[in-house]
Amino acid sequence: MTPEEVASTVQSILTQHFKIPLDQFSWEKPLEVLQKDFKILGYLVFLEQLINERFGKKIPLLENISTTFHTPRDLVQLILSEL
């Protein structure tokens, strides 16, 4: 999978499942800034489940991502490193 495909998939997951409007989406803002509910651990768990399902591989988000300062771009980099 190309970096562009991974990025497109991450953006799709975040905008469709976490109600982040496309016009407010940013690759540079932390997840908690994009969606305040990411302060709740369950949101990160759900994101990990969606990513694992979409990419068909265990991507260790809980161990490697802090929603306080990691961005969607960081998610893409982590996924690419695991694929």
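The values are calculated or read from the model by the stated rules, or taken from the named source; none is laboratory data. Because the structure is a prediction, the values reported are computed rather than measured. Cβ sites come from the backbone with ideal geometry, for glycine too, and all protein chains shown count toward neighbours. In case anyone asks, the SASA skips ligands and DNA or RNA and just uses the protein heavy atoms, side chains included. Shrake-Rupley method; radii C 1.70, N 1.55, O 1.52, S 1.80 Å.
For region 63-71, 3J(HN,Hα) computed residue by residue from phi via the Karplus equation (6.51, -1.76, 1.60; θ = phi - 60°) reads 7, 10, 10, 10, 5, 5, 10, 7, 10 Hz, glycine and proline entered as x.
Springs join every pair of Cα atoms under 10 Å in this Gaussian network model of the chain, and among P21, P30, P60 the largest mean-square fluctuation is at P21.
Report in % the part of the accessible area of the chain that belongs to carbon and sulfur, leaving out ligands and nucleic acids; probe 1.4 Å.
Numbers: 2470 of 4820 Å².
The value for the chain is 51 percent carbon and sulfur by accessible area.
Between beta-carbons, use under 14 Å as the cut-off and find the net charge around T67, counting Lys and Arg +1, Asp and Glu -1.
On the way: positive: K29, K36, K39, R73; negative: E32, D37, E48, E63, D74.
Local net charge: -1.
Restricting attention to the chain, the count of lysine pairs at 8 or more positions apart or across chains with alpha carbons under 22 Å apart stands at 4.
Accessible area per residue for the chain is 58 Å², calculated with a 1.4 Å probe on protein heavy atoms, without ligands, DNA or RNA. For region 52-62, backbone phi angles converted through the Karplus equation (6.51, -1.76, 1.60; θ = phi - 60°) give residue-by-residue couplings of 4, 5, 5, 9, x, 8, 6, 10, x, 5, 4 Hz, Gly and Pro being listed as x. Spacing of the modelled spin labels on V45 and V33, each 7 Å from Cα toward Cβ, amounts to 2.8 nm.
Positive-end ranking of F18, I40, P3 along the dipole of the chain, with charges on Cβ about the Cα centre, is headed by I40.
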